[in-house]
Amino acid sequence: MLRDAFLPPLPEHSREQPHFRAREKPAHYLSARWTPETLGKLVTALREGAAALREIPAEDLLAAWGDTVTLFLRSTSLERRALDPSLVRLSGLSKDGMTAGLDAVLGGVRREPAAALFAQAGRAAPEEAGPVLVVLASNLPALAVQPLLPALILRRPVLLKSSSAEPLFAPAFLTALARREPRLAGAVAAATWPGGDAKLEAPVLAEVGTVLAYGEDKALEDLERRAPGKVIGYGAKTSLAVIGAEVDPREAAEGLARDIALFDQRGCLSVAAVYTAGDAAALGERLGAALLDYARRWPSGPAARPMMAAVQHQRLEAEMRGLWQSSLPLRDGTVIVDPKPELRPSPGLRTVRVHPLEDLARLPGLLEPWRGRLQGVALAGEDAWRLEPGLAALGVSRCAAPGELQSPDATWHNGGINPLEALTSPWRPASPRR
């Protein structure tokens, strides 16, 4: 039976033990019920497990990590066979779409890129830096591995707070990791509780040294107010693509379709718009065909009615303006060729606008209103790649060829934040802990 928690050893007869109850829908698993006391006990246990974590040699930690990632990349493993049915229902992705998403996320932290991040690390973080709380979003499966790896490399205990929408991957991964390297068991934990409950979260926020938080700006601001100086936030951002005039539309479309379809366009690196100095209609037509191919390979998951309504609204608007648009079924994707160059957020469901832009050098100026809200750009062609410095100045943290944008590795600076430097400096409390 799957659980939504992985816990370090706690006193067996402590009254602060969490209670587990069965959850029936949409997936059957055991869910822990937390109180401020039990969460406080959990962080205390992580602090006590820090000494064992610091004694694990780097080669042993890397070996355990690499073996565990390989295990979860293998869809036929016992762990994946137990997890996948529930993960499909909870994530809202199709089975093939979820598998593709796991391959992309886990592929970026397999042994080779993890070893590269190990090589970049200096000494372990100071002991007084304390445990790390990671507040995860629910839009991407397996996101927990990205912040978990640098924290372990720096030998900081970690508490992964999963979203209630998808609470099962993190504890399943930690269970397998601790089985491979038992010395980790006391220094890692995964749990799920209602986010934003000030009373419930107060003991955790008081005792952890750093909070890595993924989510909407409002939630991040609330965390910062309650844990001032501790929060490193990864807010909602969007991504786009730039295609030079000399690039073959057929070749660009295949990669772009992957960057749109992966995760059903939910990620911060999901392409929402394409700017091209070439034939926009030809690129739009090729992109529509490529999205149809991906719809067959990775069918989209169930779509909420508001999202479907928003996409339908954009289709009707395009029709009223006389714009070219693809003839794909609603759930397979939507491509609109829009001569207006303003960047608009995508409503989802693999919806993308293709904007003709003869002079690509204008693009950084057009994107100025989005400064700080851009994550990645897929670039193809010499003129497109010349924009990289200007895009970086707007806050873009990743540029890659079409088809590679959504597959960053462990060394990526998400949001421009070095994953090791962010966790190296200790947090010093304003007053002594009791």
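The values are calculated or read from the model by the stated rules, or taken from the named source; none is laboratory data. Source: prediction; values computed, not measured. Please note: Cβ atoms are built from the backbone with ideal geometry, for glycine as well, and neighbour counts cover all protein chains shown.
Filtered by the rule that a residue be surrounded by 24 or more Cβ atoms within 10 Å (Cβ to Cβ) and of a type in the set (Gly, Ala, Ser), the range 255-272 gives ALA257, ALA261, GLY267, SER270. Considering the conditions (1) without any contact (Cβ under 8 Å) to a residue 40 or more places away in the chain; (2) touching a Pro at 6+ places or on another chain (Cβ under 9 Å); (3) not aliphatic (A, V, I, L, M), ASP259 is excluded by exactly one of them, (1). Filtering ALA82, ALA64 for residues that are assigned by TED's automatic domain parsing to the domain that holds LEU148, farther than 21 Å from LEU148 by Cα and among the small types (Gly, Ala, Ser) leaves a single hit, ALA82. When SER77 is tested against (1) over 30 Å from ALA261 (Cβ atoms); (2) among the small types (Gly, Ala, Ser); (3) without any contact (Cβ under 8 Å) to a residue 60 or more places away in the chain, exactly one condition is not met: (1). Contact map, the range 58-72: residues that are within 14 Å of VAL105 (Cα to Cα) and in contact (Cβ under 8 Å) with a residue 12 or more places away in the chain paired with residues that are among the aromatic types (Phe, Trp, Tyr) and part of a helix (DSSP H, G or I), Cβ distance under 8 Å, separation 6+ or inter-chain. Pairs shown: THR68/PHE173; PHE72/PHE173. Only residues that are in contact with a strand residue (DSSP E or B) (Cβ under 8 Å, 6 or more places away or on another chain) and touching a residue at least 12 places away in the same chain (Cβ under 8 Å) were counted in the range 364-405, giving 27.
When residues in the range 329-355 are screened for being surrounded by 18 or more Cβ atoms within 10 Å (Cβ to Cβ) and in contact (Cβ under 8 Å) with a residue 40 or more places away in the chain, 16 of them pass.
A quick yes/no check of all residues on (1) crowded, with 18+ Cβ neighbours inside 10 Å; (2) within 17 Å of the chain's Cα centre (by Cα):
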site: GLU166; (1), (2): yes, yes
site: LEU184; (1), (2): yes, no
site: ALA190; (1), (2): yes, yes
site: VAL208; (1), (2): yes, no
site: ARG226; (1), (2): no, no
site: GLY233; (1), (2): yes, yes
site: ILE243; (1), (2): yes, no
site: GLU246; (1), (2): no, no
site: ALA253; (1), (2): yes, no
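Counting only helices (runs of 4 or more DSSP H) that sit wholly inside the range 193-286, those with at least 1 residues that are out of contact with any helix residue (DSSP H, G or I) (no Cβ under 8 Å at 6 or more places or on another chain) and of a type in the set (Asp, Glu) are 217-226, 249-261. For the range 96-118, the condition of being modelled with pLDDT of 95 or more, part of a loop (DSSP other than H, G, I, E, B) and either surrounded by 20 or more Cβ atoms within 10 Å (Cβ to Cβ) or touching a strand residue (DSSP E or B) at 6+ places or on another chain (Cβ under 7 Å) (or both) holds for at least one residue.
Residues of the range 420-434 include none that is at pLDDT 95 or above, loosely packed, with under 15 Cβ neighbours inside 10 Å and not β-branched (Val, Ile, Thr). Selection within the range 46-68: residues that are out of contact with any Lys or Arg (no Cβ under 9 Å at 6 or more places or on another chain) and assigned to a helix (DSSP H, G or I). The member of this set that is farthest from LEU205 (Cα to Cα) is GLU59. For the range 375-386, the set of residues classified as surrounded by fewer than 21 Cβ atoms within 10 Å (Cβ to Cβ) and out of contact with any helix residue (DSSP H, G or I) (no Cβ under 6 Å at 6 or more places or on another chain) consists of GLY381, GLU382, TRP385, ARG386, listed by residue number. The residues on offer are VAL231, VAL274, VAL242, VAL247, and the sole one that is of a type in the set (Val, Ile, Thr) and without any contact (Cβ under 8 Å) to a residue 60 or more places away in the chain is VAL231.
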